[in-house]
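Working notes, structure below.
Any read-out appearing in this document is the output of simple, stated calculations on the displayed coordinates, not a laboratory observation. Just so we're clear, the structure is a prediction, and the values are computed from it rather than from any experiment. Positions of Cβ are backbone-derived with ideal geometry, glycine not excepted, and every protein chain shown enters the neighbour counts.
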Amino acid sequence: MPIWGHLLLGALTLGIYFLFLPLIILFDAVARAWAKVVEWVLSAIFSAVYRTLQAPFRFLWRHVKRWVNQPSNRT
């Protein structure tokens, strides 16, 4: 291929790249925003589950600890 063919191919490649660059930037922005939404929703779900289960487990742990640490009556 002659040199002008390489130059033409390079120019076409750059033209296509710059033609689609705004779409790539837009897609990247949408993907990042969607990732933040997914992160926020999952964080809300997991924190709600954690807060729901925290009190019963804390209650059980406190009473099991108290029961285990009781002195024995067999002296």
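Nearest 10 degrees, 0 to 90: what angle lies between the long axis of helix 3-68 and the longest principal axis of the chain (Cα atoms)?
0 degrees
What number, rounded to the nearest 500 deg cm²/dmol, is the helix-based mean residue ellipticity at 222 nm of the chain, given -39500 (n - 2.57) per DSSP H run of at least four residues and division by all its residues?
Dividing the helical sum by the residues of the chain leaves -33500 deg cm²/dmol.
Can you pull the one-decimal nm distance between simple spin-label points at Ala55 and Ile16, each 7 Å off the Cα toward Cβ?
Going by the 7 Å Cα→Cβ label model, 6.2 nm.
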